[in-house]
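The values are calculated or read from the model by the stated rules, or taken from the named source; none is laboratory data. What you are looking at is a predicted structure, and each value in this text was computed from that prediction instead of being measured. Counting neighbours? That spans all protein chains shown, and the Cβs are built from the backbone with ideal geometry, glycine included. Areas reflect the complete protein model, heavy atoms only, side chains present, ligands, DNA and RNA absent. Shrake-Rupley method; radii C 1.70, N 1.55, O 1.52, S 1.80 Å.
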Amino acid sequence: CIDPKGKIRQFGSQWRTENCLDCSCGEDGTRCCSSYATPVDFDGEKCERIFHKQTCSYQVVEKADHTKECPVSAWVG
């Protein structure tokens, strides 16, 4: 398989990209999907989601005070 950056990967190998995708190489080619869940049901007027690339995760915090987390009712991913 050839990954999105052009690197040759062995069959059966798995890796995480710098864009937080989990990829694998199989007989049917390369497959990638997001390695994180995205918050979708929260108070969008009061809160915002922030993506942390180092941990491949989202945090939902108050817009006015990023030290206060907001409740999230649903995630997708």
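Before moving on, here are some points about what is shown:
- Accessible surface of the chain, 1.4 Å probe, proportion on carbon and sulfur as whole %: 48
- Across Asp41, Asp22, Asp65, mean-square fluctuation computed from a Gaussian network of the chain (C-alpha pairs under 10 Å connected) peaks at Asp65.
- For the chain: relative contact order, % (alpha-carbon pairs under 8 angstrom, 6 or more apart): 23
- Proximal charge balance of Glu62 [Cβ under 12 Å; K/R count +1, D/E count -1]: -1
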